Amino acid sequence: MAAAALRLAVLAVAIGALVASSSAAVCPHANHTAPFAADFTMLQHQLRGTVRLADDGSCALRLTRFDLLAASPSARFWAARGDSLADLAAGRAFSPHPLNSTFRNATLLLPFSAPLPPLLALFDPDTSSDLGHVFLPVSASNATDDSGVASPSPSPEPVPTMFDNCLPLAENKYRLRWTLNASAGTVEIGLEAAVGSEYYMAFGWADPKANSPAMIHSDVAVAGFTEEGMPFAEDYYITDYSECTLGTDESPVSGVCPDKVYDEGKNDSLLVYGHRRDGVSFVRYQRKLDTGDTKYDVLVSATEEMAVVWAIGKLRPPDTLRPHYLPQNHGGPRDTTYGFARVNLSETVDSCNGPLDADNKEDQERIIADAKTPLVVTSAPAVRYPNPPNPDKVIYINKKEAPLLKVERGVPVKFSVQAGHDVALYITSDPIGGNATLRNKTEVIYAGSRDAHGVPATPTELLWLPDRNTPDLVYYQSLYEPKMGWKVQVVDGGLSDMYNSSVLLDDQQVTLFWTLSHDSISIAARGEKKSGYLAVGFGSGMLNSYAYVGWVGNDGVGRVKSYWIDGKSAAGIHPTSENLTYVRCRSENGIITFEFTRPLRPSCSGRVECKNIIDPTTPLKVVWAMGASWSGNSLTDSNMHSITSSRPIRVLLLRGSAEAEQDLRPVLAVHGFMMFVAWGILLPGGILAARYLKNLKGDGWYQIHVYLQYSGIAIMFLGVLFAAAELRGFYVSSVHVKFGVTALLLAGLQPLNAYFRPKRPANGEASSWNRVLWEYLHVITGRSAIIVGIVALFTGMKHLGHRYDSENVEELTWALMLWVLSAIVITLYLEYKEVKRRSGDTSSRGHWVLGNTEEDDSVDLLHPDSTDRNSESSPSGVMEVQLEPLAR
């Protein structure tokens with residue numbers, strides 16, 4: 001009986017404890033469908049973390065592995081219905097926990113006293129900034145907002161920034177993350193580095209046959225971002241400590257080369273995701289443990305420890321010679337820019353302490369405004385807006401999405417607004433914009449209004465003058481839609497204040513500044529995008545130009561050097577010794593700016609740079625180029641530019657303006673063809689007709705002669721007028737123009753001296769002195785015109801090749817030479833036949849003037865139908881030939 005009573009007592013206690021624990025485990029506000037774990041989506045501040053219900057069943061969320069760079073004091077955990085700007089703005093604070101400090105792999109408990117919201121975000125209401133969020137799998141029937149409206153929530157999806165494991169490679173700079181899926185035979189790898197967008201991240205497995213880890217024969221993946229900001233991941237195989245050299249018949253492929261350049265190689269790294277946030281690059285990719293490629297890939301074990309290699313360094317973009325992204329030498333000490341480690345994919349590793357903190361977190365493109373060049377404001381779909389959430393359409397300035405705009409106090413800023421009539425630009429103190437005065441009574445508007453809108457056909461000009469009272473940070477926004485624009489940094493004076501004139505060069509990627517003095521010019525050039533070096537050249541292209549290159553070396557010292565470029569390879573770049581003074585070069589966030597002063601006319605002789613004369617009265621043709629790296633010593637093809645101007649810009653130094661260089665090749669081609677028809681066909685044909693067709697009956701030879709000569713002269717003058725009209729002037733500066741003008745004058749003399757021709761003497765009379773002088777003048781002038789005209793044709797071909805570097809100029813020159821040689825051979829043959837005929841004609845005696853015995857002087861050269869105009873003509877056999885050489 002006692003035992004039964006004891007058993008009943010124990011059962012009662014157990015039942016009571018079970019009831020008590022059950023009641024304690026039930027949260028009255030729980031509206032989740034089942035126990036869950038959901039990961040935060042990273043948008044800003046390197047947010048990572050996993051959220052789940054508290055283990056003890058209380059009304060709290062447990063946040064683990066929580067990483068966050070310090071946010072503003074107003075940022076909070078936020079409850080909302082969705083991730084749109086309207087939903088977030090209508091939300092509420094979920095927890096009073098402050099977020100203005102850095103969290104490193106932290107664990108937090110977030111109590112709640114109302115049903116869980118569909119979305120939990122880290123939100124800054126002052127700037128409407130979503131740092132990241134997570135959708136909670138709550139019940140649709142219980143998920144309500146403050147108004148009590150039910151709101152369903154999507155199921156949690158895998159977040160690409162979260163992994164099972166994390167291993168630091170370079171302390172506070174480079175990390176390896178991975179998740180192993182042994183059943184599928186794959187591993188997903190995340191590479192994360194606090195480096196610039198121009199850097200690569202490399203990771204892979206060392207050769208397992210090597211006695212010690214080494215880069216040679218390693219199977220690595222190289223990840224990074226293209227110039228357009230798109231992520232990539234690609235397999236590389238290392239055969240040498242050098243940049244990839246593509247193979248030829250004589251030598252194989254060597255260096256750090258993509259697998260796919262080999263005959264049997266392929267890319268086995270499948271890109272999953274990539275982004276740039278807060279100055280940190282992140283790329284996730286997947287690879288098979290066994291790719292089946294035993295030649296260029298390593299068989300990765302899921303359970304054994306293996307040697308791995310890694311590196312970070314600058315990435316060289318593709319160019320015309322090498323169509324692949326090529327890693328440059330890491331160039332730093334071991335364990336900082338490269339290193340080795342041992343990794344077992346099946347072991348759990350979580351050695352990363354907190355988020356990566358980059359020195360430069362502002363990753364958005366920059367534009368520096370100046371007084372002379374308007375900023376073109378347009379709108380387009382958002383791709384990489386820096387402050388999510390944002391509308392579908394945002395503001396672009398100079399074709400860049402929501403760039404960071406930098407202006408100088410005292411320097412007027414001119415906007416050309418053509419973003420559409422639904423985008424009214426204004427400068428405001430409010431970071432959100434969108435007519436913020438309705439919700440922010442303290443908003444200050446510095447420029448713009450409802451009228452500051454336009455389209456490309458009819459843009460509206462908005463002028464803003466920042467003054468000493470303008471804050472260091474303001475915003476450009478749309479008056480009608482919030483969060484379309486971004487920040488404006490206001491600084492004290494800079495290049496625009498130091499130089500009198502400035503223009504944007506081709507493609508709006510480089511700004512040129514200058515100030516003229518009596519005998520010198522001060523020049524500054526600033527790139528508008530990140531690069532390793534910036535080059536500005538004076539000429540129609542980089543080939544055959546005087547170039548100035550600015551770069552910052554590995555020692556952090558900025559340099560500017562001058563070059564003469566006469567080839568398309570490194571061997572064609574020749575350093576010069578120009579007298580450059582006041583030289584400065586600097587790089588700000590990858591933006592190169594360099595300055596120098598040089599004489600207008602170099603005070604030297606005998607060197608190539610001595611011809612580099614700047615005439616302020618003549619338009620200066622300017623081109624530019626950018627590349628990944630430059631060397632002041634020996635240059636190689638690795639220093640080739642990755643981007644260059646598509647055409648030269650004609651800079652008018654005295655006016656302080658610029659205009660695009662027109663492509664005049666079609667104009668010059670028509671001009672050259674007309675001159676060839678005149679000097680190569682018609683005028684020589686007329687001379688040959690007068691010389692060798694006298695045996696024709698009647699005056700047929702004369703008709704041919706006159707029509708060909710006058711047709712040639714007419715086409716010649718039309719060609720000159722056509723070229724002068726298209727070139728907007730007639731400049732006697734080049735050798736070609738000087739020869740052309742000389743031929744033109746000689747050609748113009750021929751009709752004149754034909755009009756003033758003295759009469760032929762009667763039979764038996766001696767020629768007058770005037771007649772002899774005229775004959776010599778006519779023939780010598782004509783023959784001189786032929787010679788000068790032919791020389792003008794050849795100098796014209798040379799001028800075309802020098803101006804445009806046309807590939808077919810050399811072939812055309814050879815064709816012209818063959819044509820001229822053919823004409824000379826034909827003329828010599830005809831002259832031989834004529835001399836032979838004359839020597840056999842014993843009746844041909846008398847007046848032989850300059851080798852022609854058959855001219856009928858009774859025919860008036862200017863009046864072919866007046867055959868009896870000269871009454872002194874005689875039917876005797878003594879004849880005299882009038883030569884009318886080809887003239888221009």
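Scanning region 66-81 for residues that are free of Cβ contacts under 8 Å to residues at least 60 places away in the same chain and over 19 Å from GLY91 (Cα atoms) yields PHE66, ALA70.
Is one or more of the residues making up region 449-470 of a type in the set (Asp, Glu), in contact with a helix residue (DSSP H, G or I) (Cβ under 7 Å, 6 or more places away or on another chain) and surrounded by fewer than 17 Cβ atoms within 10 Å (Cβ to Cβ)? No. Can you confirm whether TYR731 is open to solvent by 30 Å² or more (accessible area, probe 1.4 Å), of a type in the set (Ser, Thr, Tyr) and modelled with pLDDT under 80? Criteria met by TYR731. Does region 320-353 hold any residues that are acidic (Asp, Glu) and in a loop (DSSP other than H, G, I, E, B), and which are they? Matches in region 320-353: ASP335, GLU347. Within region 32-54, not a single residue is more than 25 Å from PRO137 (Cα to Cα) and either at pLDDT 55 or above or assigned to a helix (DSSP H, G or I) (or both). Quick check on my filter: what residues within region 429-446 are buried (at least 19 other Cβ atoms within 10 Å of the Cβ) and either modelled with pLDDT of 95 or more or in contact with a Ser or Thr (Cβ under 7 Å, 6 or more places away or on another chain) (or both)? Result: PRO431, ILE432, GLY433, GLY434, ALA436, TYR446.
Being assigned to a loop (DSSP other than H, G, I, E, B) and within 23 Å of ALA341 (Cβ to Cβ) is the filter here; which residues of region 305-318 pass it? If the condition is that a residue be assigned to a loop (DSSP other than H, G, I, E, B) and within 23 Å of ALA341 (Cβ to Cβ), then GLU305 is the only one that fits. Within region 132-153, is there a residue that is modelled with pLDDT of 95 or more and of a type in the set (Phe, Trp, Tyr)? No; the residues of region 132-153 include none that is modelled with pLDDT of 95 or more and of a type in the set (Phe, Trp, Tyr).
Go through TYR396, TYR338 for me and flag whichever is free of Cβ contacts under 8 Å to residues at least 24 places away in the same chain and either of a type in the set (Phe, Trp, Tyr) or buried (at least 18 other Cβ atoms within 10 Å of the Cβ) (or both). Among TYR396, TYR338, only TYR396 is free of Cβ contacts under 8 Å to residues at least 24 places away in the same chain and either of a type in the set (Phe, Trp, Tyr) or buried (at least 18 other Cβ atoms within 10 Å of the Cβ) (or both). For region 587-630, filtered to residues that are out of contact with any Lys or Arg (no Cβ under 7 Å at 6 or more places or on another chain) and of a type in the set (Phe, Trp, Tyr), the residue that is surrounded by the most Cβ atoms within 10 Å (Cβ to Cβ) is TRP624.
Here's the yes/no breakdown for (1) assigned to a strand (DSSP E or B); (2) open to solvent by 50 Å² or more (accessible area, probe 1.4 Å):
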{"position": "GLY196", "(1), (2)": "no, no"}
{"position": "LYS209", "(1), (2)": "no, yes"}
{"position": "SER212", "(1), (2)": "no, yes"}
{"position": "HIS217", "(1), (2)": "no, yes"}
{"position": "VAL222", "(1), (2)": "yes, no"}
{"position": "GLU227", "(1), (2)": "no, yes"}
{"position": "GLU234", "(1), (2)": "yes, no"}
{"position": "TYR237", "(1), (2)": "yes, no"}
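Taking the criterion of being β-branched (Val, Ile, Thr) and assigned to a strand (DSSP E or B), the residues of region 259-304 that qualify are VAL272, VAL280, VAL283. Residues in region 565-598 that are of a type in the set (Ser, Thr, Tyr), part of a loop (DSSP other than H, G, I, E, B) and touching a residue at least 60 places away in the same chain (Cβ under 8 Å): SER569 only.
Of all residues in region 360-373, none are part of a loop (DSSP other than H, G, I, E, B), over 28 Å from GLY279 (Cβ atoms) and at pLDDT 95 or above. Comparison of ASN633, ASN639 shows that the only residue that is under 30 Å from SER242 (Cα atoms), modelled with pLDDT under 90, under 28 Å from the mean Cα position of the chain (by Cα) and open to solvent by less than 30 Å² (accessible area, probe 1.4 Å) is ASN639.
How many residues, within region 399-424, are aromatic (Phe, Trp, Tyr) and closer than 14 Å to MET484 by Cα? The total comes to 0. Is there a residue in region 94-114 that is surrounded by 15 or more Cβ atoms within 10 Å (Cβ to Cβ), under 38 Å from the mean Cα position of the chain (by Cα), farther than 30 Å from ASN172 by Cα and in contact (Cβ under 8 Å) with a residue 24 or more places away in the chain? The answer is no; no qualifying residue exists. The residue of region 470-524 that is farthest from VAL583 (Cα to Cα), among those that are among the acidic types (Asp, Glu) and in contact (Cβ under 8 Å) with a residue 24 or more places away in the chain, is GLU481.
The values are calculated or read from the model by the stated rules, or taken from the named source; none is laboratory data. Quantities reported herein were computed from a predicted structural model and do not represent experimental measurements. Using ideal geometry, Cβ is built from the backbone for each residue, glycine included, and neighbour counts are taken over all protein chains shown. Areas reflect the complete protein model, heavy atoms only, side chains present, ligands, DNA and RNA absent. Shrake-Rupley method; radii C 1.70, N 1.55, O 1.52, S 1.80 Å.
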